[in-house]
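Quick notes on the structure that follows.
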Amino acid sequence: MEVFRSTLKWVYLLVLAWGLSATFALSHAEDATPELVMVNVLFRHGDRTPVNPYPMDPYRNSSFWSTGWGQLTTVGMKQHYELGLWLRQRYISLLKNDYAKSDVYVQSTDVDRTLMSVESNLAGLFPPRGSRMFEPNLKWQPIPIHTIPEHLDHVLAMKKPCPRYDAEFALARNLPEVKDLEKQYQGLFKYLSLHTGSEVKTIENAEYIHSTLFIETLKNLTLPEWTKPVYPEPLRTIAQWSFALPAYTPELRRLKGGPLVKEWIDHFQKKRAGTLEPDRKMYIYSAHDTTVANILSTLGIFERHCPPYASTVLAELYRLKNTYYVSIVYKNSSEARTLTLPGCSELCELDKFVSLTKSVIPENWEKECHYHLLFSSEDLNDLSISALATSGILSLILLVVLIIGFVRQRQQINDPFRYQTVSTNADA
Amino acid sequence: MRDSSQSAEYRYHDQPAMTTSSQFTLTSNLIKHKNQRMKCFTVSVLGIAIFAILLAYVAFADKDGDGKPDIKVAYVIFRHGDRNPTESYATDPYNDIKYWPGGWGALTNKGKLQMYKLGKYLRSRYAELLGETYSSERLLVRSSYADRVIMSAGALLAGLQPPSTSEIWLPGFNWHPIPIHSTPRSLDQLITVKKKCPRYDKELKEAYQSEEISKINTDIADLYRHLSANTGQNVSTVLDVEFLFNTLEIEEANGHKLPDWTKEIYPEKMKEIATISVKIFSQTPSMKRFVGGPLINDMIEKMVENHKHSLDQKHEVFLIAGHDMTVLNVMRALGFDETSKPDIGAAILIELHAGPPGLGESTDFVKLFYMNSSSTTDPIQLSLNGCDEICSLDSFVSALSHVAIKPSEWETECNN
């Protein structure tokens, strides 16, 4: 009996110890959950009208469209309002439920539809509460959205002129797989030119047609007969390619998507160092399908597709025991999924993220854009070498001639008689 | 609206009056050879005819001439609404963020409401021009870089153009998005005009060192001493006084009791100095052209453009959201030198009105109004130097040709 009781005591103690350790382990596991500390949000605008219908478009008449060309529709407003609600749900603990100027910075490209999209989004993300309402019947508050004229914006609109990029893009167009692609679709381009009344010569031209037809089907407009053999396929495939091209090569990525990724990394590193001023938690960027595609390409995670309305890239920063991690999430439908950078895991250690993207981050964008292609290109071809040599020899000859000429002239000036004549003339 | 129709009538009466006198001379020549009865008859027939013409004019005027809106273009430049202080001073009893929800420099709820109301007022004034539904072709909104200014524009738009029934996109939500185009400070050569301009910087430096300002500095040395002693910081320029004035003004507006040392100098004396300070930025004609000229050029371009394409019946509203300096610089460039420091919600309204119907586009004319603060919705009409209250577009353009400056000219002259 005594033995039994003491065994029971031991068992009891053991169970207690196990229970305690399990609780401890569990609480420890909770400690091991990464904590979200900041996020960069990039999205495409919502549903819009066609930017510019093709000349023979039966729906060219503006009466088919409630607002002007390329404008956000009420459907687009709703899409973004809902995305705002979704973001609110996801980041509610990060943002403490309210808009604060020191927490959030919002930027948009300087285009009506992107400005209106982010305004609608913020209406869902930050509805005013109680004392924040300035008009009793209006559950809305103004939140500043910053823009830069498009031709000066190399970060978000990615439209500031960059000669080096243009040169690199011309090179990329000459890559065998791209050339083959355009060759393969020559017949289609002719067909499109014939039926649309606009000249279709490139992948980009074809994407334009695809976009218009896509919008018209969304509006339940019946497409003309001629579209049957080409829409959606193969037009969709070409359109998908058109989103891959602008940041196809590492050089293009560095100049196109690089500046925005650089800005994100800068936010992350400053946040980690505690030097972010103001110490923001959320940066919101409102832009276009091309922006979304270019950023994914730059990060090396673009799967060829057309980024849909309100598609969103989230670049989140997490902290776990003083180590910082980056997570890239892509939401192109109702579902958001984490994308993994090649060579990293879903939660990618910040330093590793930085080193993996290093080659696509420009050190000085402005300078690199105006850097002459001839001297920067890694593979100087024969033609450029011979051009260099020839111009070198020519300038050497010119220099010799100039020196000889200069020396001779100096000898003449030193001639005392000449000097005198000049000075008397000058006195007269 | 009312002002415009009055002025239109006033012109219509003018026109027939001229016709009358010329017809009378013609008639009197005829009568000489006719008898008395004939004379009487002719006079009454002509009288009736003239009366009919007059009546027709008046009738047309009432109908706003073929249903065309009176106003073709409205160009509105306004200062943002009530804000929190952007800075404080060393001994400030309210130098604590707890007094200023929203943060330093933020637009307050009061400010949002002021702007919302200004939007409603502008709606009543330009209803026809704006139309029921929002159109990006009719309304263009631009703002400076500053949060409080972008937010002011947003709140104003909530009052100016709420969604019409057909535009409601969320049931029960009386708001819809309208784009506001802003420009970073360092790139802005229109509203804040803070883009780098070496020539202007040089002129500003000279203005600070001018005899006039040196004399003021000597005259108010006592004020500087008084302020330095009480604020716990060095106050030695008119700009220092201006910043201090701004802070005190906001604190007072928000119901905070100001310290006793302010009693004798606030508001009058300090506002006077603050006004001198803000005027330095547009001290000379050349400086006025640099800081006020770009917006004047823009408004002229917009009016001339509209005037040229009047067959398209394009009617437009342009809103410029800016700062006190934006409003003041433009007022002074327009020739209103004596304007004092614009209050919260101050606005300049420039309107292109259609001339009397049937008289062609050349009779289009410009009207100019100023509202010094958000508390008034009774704009004061001003007349430009060298022009009447009703100023033809041509006269308006030529009266301002010396201050209007195109972006390319601005760039060149700045770097000269």
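The values are calculated or read from the model by the stated rules, or taken from the named source; none is laboratory data. Quick caveat, the model's predicted, so the values are computed rather than measured. Cβ atoms come from the backbone with ideal geometry, glycine included; neighbour counts cover every protein chain shown.
Brief remarks on what is shown
- Of all residues in segment B:158-204, exactly one satisfies the criterion of being within 22 Å of residue A:141 (Cβ to Cβ), surrounded by 22 or more Cβ atoms within 10 Å (Cβ to Cβ), more than 8 Å from chain A (Cβ to nearest Cβ) and in contact with a His (Cβ under 9 Å, 6 or more places away or on another chain), namely B:161.
- Subset of segment B:103-128 that is surrounded by 20 or more Cβ atoms within 10 Å (Cβ to Cβ) and within 21 Å of residue B:302 (Cβ to Cβ) - its residue that is nearest to the other protein chains (Cβ to nearest Cβ): B:119
- Applying the condition of being buried (at least 16 other Cβ atoms within 10 Å of the Cβ) and touching a Phe, Trp or Tyr at 6+ places or on another chain (Cβ under 9 Å) to segment A:89-100 and asking which residue is farthest from the other protein chains (Cβ to nearest Cβ) yields A:95.
- Close contacts from segment A:117-141, counting a first residue that is within 29 Å of residue A:308 (Cα to Cα) and more than 9 Å from chain B (Cβ to nearest Cβ) and a second that is modelled with pLDDT under 90 and surrounded by fewer than 19 Cβ atoms within 10 Å (Cβ to Cβ), with Cβ to Cβ under 6 Å and a gap of 6+ residues or different chains, come to none at all.
- Count of segment B:279-296 residues, restricted to those that are surrounded by fewer than 22 Cβ atoms within 10 Å (Cβ to Cβ), assigned to a helix (DSSP H, G or I) and in contact with an Asp or Glu (Cβ under 9 Å, 6 or more places away or on another chain), is 2.
- The residue that is farthest from residue A:227 (Cα to Cα), among those in segment A:51-80 that are part of a helix (DSSP H, G or I) and more than 8 Å from every other protein chain (Cβ to nearest Cβ), is A:80.
- Total residues in segment A:101-116 satisfying the condition of being of a type in the set (Phe, Trp, Tyr) and at the interface with chain B (Cβ under 9 Å from one of its Cβ atoms): the figure is 0.
- One residue from A:278, A:307 being modelled with pLDDT under 95 and either more than 13 Å from the chain's Cα centre (by Cα) or assigned to a loop (DSSP other than H, G, I, E, B) (or both): A:278
- Of all residues in segment B:84-102 being within 12 Å of chain A (Cβ to nearest Cβ) and under 20 Å from residue B:244 (Cβ atoms), the one that is modelled with the lowest pLDDT: B:97
- Residue list for segment A:160-174, restricted to those being at pLDDT 95 or above, in a loop (DSSP other than H, G, I, E, B) and more than 13 Å from chain B (Cβ to nearest Cβ): A:161, A:162
- Checking segment B:309-329 against the condition returns a match, with at least one residue being in a loop (DSSP other than H, G, I, E, B) and touching a Ser or Thr at 6+ places or on another chain (Cβ under 7 Å).
- The set of residues in segment B:258-301 that are without any contact (Cβ under 8 Å) to a residue 12 or more places away in the chain and of a type in the set (A, V, I, L, M) contains only B:258.
- Condition met for residue B:324 (surrounded by fewer than 24 Cβ atoms within 10 Å (Cβ to Cβ), of a type outside the set (Val, Ile, Thr) and modelled with pLDDT under 90): no
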